[in-house]
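Engineer: One structure follows; several queries about it will come next.
The values are calculated or read from the model by the stated rules, or taken from the named source; none is laboratory data. Here the structure is a predicted model, which means the values were calculated and not measured. Here Cβ is always computed from backbone atoms with ideal geometry, including for glycine, and neighbour counts include all displayed protein chains. SASA here: full protein model, heavy atoms, side chains in, ligands and nucleic acids out. Shrake-Rupley method; radii C 1.70, N 1.55, O 1.52, S 1.80 Å.
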Amino acid sequence: LVVAALLHDFGRLVVEDAGLESSKLVALRNLLGDILPRGHRVLIFSQFTRHLALVRESLEAEGRDYLYLDGGTPAGERGELVASFQQGAAQIFLISLKAGGTGLNLTAADYVVHLDPWWNPAAEAQASDRAHRIGQQRPVTVVKLIAQQTIEEKVLALHAHKRALASDLLAGRSRPENLDMATLEGLLVGPPS
């Protein structure tokens, strides 16, 4: 069941000739079909450049303009892409989560879409913050597309568990020396299902 759900949600990302359409890609197309005609601008993040390649293919098939940035994009070109997006060259900016770090001020966007959760929630927050910079004039909506019955749900549970543990430690409700082996293991493999 989990393998079937994974194949349905990731289709060609997992098995290139699976012949299944990704429900995530369908959800993304539906979202874009709703928000783009209303003038919204969107940043789309994924940690997988292969996933972004499938999104690019879909956007091109629909005739949608987009900009693209990943870790292989030269530094000088990064600045040009950011300036182009800020000036309205495209409504969609696809960005590899690992490349979306420092120096990206993308306040022209008012939607941020995360195609997959990253193990480190701070990396996701930093990516979302690209649109939450000084100069942002509109509310920013952050959307996370999560596949049910996959490891993605476990990653989100791990995020919640880490936040709760950190909150307890900072509030003095727990002490680091009180962490038992089960708690430490839970941080690595996630809370029990």
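Engineer: On average, how much accessible surface per residue is there in the stretch 32-86, in Å², for a 1.4 Å probe, leaving out ligands, DNA and RNA?
Structural biologist: I get 48 Å² per residue for the stretch 32-86.
Engineer: Please identify every one of the trypsin sites (Lys or Arg not before Pro) in the stretch 72-165 that sits in a loop by DSSP and has no more than 15 other beta carbons within 10 Å of its own beta carbon.
Structural biologist: Listed in order of number, the matching sites are 133.
Engineer: Are there any GluC sites (Glu not before Pro) in the stretch 41-130 that are in a DSSP loop and have at most 14 other Cβ atoms within 10 Å? List them by number. Walk me through the numbers on the way to the answer.
Structural biologist: Values: sites: 57, 60, 62, 77, 80, 124; in loops: 62.
Sparse-neighbourhood loop GluC sites (Glu not before Pro): 62.
Engineer: Give the long-range amide H neighbours of residue 140: residues separated by 5 or more places, or on another chain, with amide H under 5 Å away, using H modelled in the peptide plane at 1.01 Å from N.
Structural biologist: none
Engineer: How much length would be gained if the chain were fully extended between residue 141 and residue 61, taking 0.36 nm per residue of separation minus their Cα-Cα distance, in nm to one decimal?
Structural biologist: Gain on stretching residue 141 to residue 61: 26.2 nm.
Engineer: Label-point separation (nm) for residue 168 and residue 30, each offset 7 Å from Cα along Cα-to-Cβ?
Structural biologist: 3.7 nm
Engineer: With each pseudo-label sitting 7 Å past Cα toward Cβ, what's the residue 154-residue 125 distance in nm, one decimal?
Structural biologist: 2.4 nm
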